[in-house]
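The values are calculated or read from the model by the stated rules, or taken from the named source; none is laboratory data. All figures in this text were calculated on a predicted structure; none of them were measured in a lab. Cβ placement follows ideal geometry from the backbone for every residue including glycine, while neighbour counts extend to all protein chains displayed. Areas reflect the complete protein model, heavy atoms only, side chains present, ligands, DNA and RNA absent. Shrake-Rupley method; radii C 1.70, N 1.55, O 1.52, S 1.80 Å.
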Amino acid sequence: MSELASKNRPMDTATLTETLKSEATGLGFSLAGVCPAVTPEGATRLREWIDAGYAGQMHYFASRLEAYRHPDGVLAGARSLVMLALDYRTLEPVAPRPGQGRVSRYAWGADYHEVIHRRLDQLVARVGELCPEASARGVVDTAPLLEREFAELAGLGWVGKHTLLINKLRGSWFFLAALILDRDLVYDLPHGTDHCGTCRACIDACPTQAIVEPYLLDGRRCISYLTIELREPIPRELRAGMGEWAFGCDVCQDVCPWNGRAPEATTAEFQPRSEMNPLNLAELFCLDEAAFRARFKQTPLWRPRRRGILRNAAIVLGNQRNEAAIDALARGLADEEPLIRGACAWALGQIGTPVAKGLLAARQAIETDVQVSEEIALALAV
């Protein structure tokens, strides 16, 4: 056969599958497994989860529910998925001192969406070279795709009681991504065994009791939801449970026995910025919108925006009851954003010194927002 004919001959399914896995490994992905594009069992559970109210303000689940039914809601004609994992465990967290807050490990470095999408773009381009007639799309976690279900189907691990995917060798400190194709591939065997056993570490350790039963998370109580997705004041009964978490939460992963063997990530972009581990909270109140954008625009902390991060910072400072934070909270009490003012009012009430009470009383005299005024009144009553 001539060289030209050989180049034009379609690549066989087995070779294409192994080549894509090899390419993914070469791009730095730590796990790669292949599964068919089917309707996952989790599609029904997702509807039940939404109907139970556990999604809270994450309305994008309900608005795209039909798309979650099958991967062809993401790529027309989808036949196969190459499920991928990328490690992000780096240093161990530094215990915060008063005035500092904890940030979830995944947010210590660059925004993982951008890092992973750059690699997926290369993988999609490679599909075009290997199989020009194929269509492919790479997704991280913004598309309507039940990544954990498909990762389990592709043999990458099992879904633990905390609802995260666990791999026996890598724990759960990794991001999931998918390459979706409209071509058949050779499929891996599903991961058929749950290795959580009788362990309840994640359930018992959750500060807000968000894991209502094994494998079922009430998103409305999860600290990650409260500090990232929620756009309103954090419910009063859950504020103490936030502890020192200013962004996200790692408690259920920190206590998981399988994470004791998780390897250290080698991705340069995920290496932690020193100011994230831990985060200085008081200085955040000196940042206006432009300064906040300049500092956090290329990081995961940009998602809740300035108003959300300063709200979270105030709650942490209130939980710490540190008088040294009064000046920062006083600045936040005068912020133009009501969400920030309300959180600072609560925090000053938790500190409760005469100076803090005086600031609250002075603000109450001029406060125009009803919800903030209620927060101040409750804080003064503490």
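Okay, residues lined up against (1) surrounded by 14 or more Cβ atoms within 10 Å (Cβ to Cβ); (2) closer than 22 Å to residue 242 by Cβ:
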| residue | (1), (2) |
| --- | --- |
| 255 | yes, yes |
| 267 | yes, no |
| 274 | no, no |
| 291 | no, no |
| 297 | no, no |
| 316 | yes, yes |
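Go over the candidates 275, 283 one by one and state the one that is at pLDDT below 95 and part of a helix (DSSP H, G or I).
Numbers: 283 fails: at pLDDT below 95.
Selected residue: 275, the only one of 275, 283 that is at pLDDT below 95 and part of a helix (DSSP H, G or I).
Identify all residues within segment 243-276 that are of a type in the set (A, V, I, L, M, F, W, C) and under 16 Å from the mean Cα position of the chain (by Cα); write none if there are none. Before you say what the answer is, go through the steps one by one.
Taking segment 243-276 as the starting set, the residues that turn out to be of a type in the set (A, V, I, L, M, F, W, C) are 245-247, 249, 251-252, 255-256, 258, 262, 265, 268, 270, 276.
245, 246, 247, 249, 251, 252, 270, 276, listed by residue number.
Out of the residues in segment 196-234 meeting the condition of being assigned to a loop (DSSP other than H, G, I, E, B) and free of Cβ contacts under 8 Å to residues at least 12 places away in the same chain, tell me which one is surrounded by the most Cβ atoms within 10 Å (Cβ to Cβ). Quick ask: steps written out before the conclusion?
Start the filter on segment 196-234 by keeping residues that are assigned to a loop (DSSP other than H, G, I, E, B), which leaves 196-200, 206-210, 214-215, 218, 222, 230-234.
Restricting the remaining residues to those that are free of Cβ contacts under 8 Å to residues at least 12 places away in the same chain gives 197-198.
Working: 197: 8, 198: 4.
For segment 196-234, the residue satisfying everything is 197.
Take the residues in segment 320-374 that are farther than 15 Å from residue 308 by Cα and of a type in the set (Lys, Arg); name whichever of them is surrounded by the fewest Cβ atoms within 10 Å (Cβ to Cβ).
321
Looking only at segment 304-352, count how many residues are out of contact with any strand residue (DSSP E or B) (no Cβ under 8 Å at 6 or more places or on another chain) and part of a loop (DSSP other than H, G, I, E, B).
7
Picking from 269, 275, 232, 244, which residue would you name as being farther than 24 Å from residue 332 by Cβ and of a type outside the set (Ser, Thr, Tyr)? First the steps, then the outcome.
Working: 275 fails: farther than 24 Å from residue 332 by Cβ; 232 fails: farther than 24 Å from residue 332 by Cβ; 244 fails: farther than 24 Å from residue 332 by Cβ.
Just a single option satisfies the conditions, and that option is 269.
State which residue pairs qualify: first residue under 18 Å from residue 328 (Cα atoms) and inside segment 355-372, second residue assigned to a loop (DSSP other than H, G, I, E, B) and open to solvent by 60 Å² or more (accessible area, probe 1.4 Å) in any location, beta carbons under 8 Å apart, and separation of 6 or more residues or different chains.
363/334
Scan segment 55-73 for residues that are over 18 Å from residue 147 (Cβ atoms) and surrounded by 15 or more Cβ atoms within 10 Å (Cβ to Cβ) and jot them down.
56
Looking at (1) open to solvent by 30 Å² or more (accessible area, probe 1.4 Å); (2) out of contact with any Lys or Arg (no Cβ under 8 Å at 6 or more places or on another chain); (3) of a type outside the set (Phe, Trp, Tyr), find the lone condition where residue 89 falls short.
For residue 89, the exception is condition (2).
Do you know which residues across segment 353-381 are within 20 Å of residue 312 (Cβ to Cβ) and not in a helix (DSSP H, G or I)?
Once the filter is applied, which keeps residues that are within 20 Å of residue 312 (Cβ to Cβ) and not in a helix (DSSP H, G or I), segment 353-381 yields only 369.
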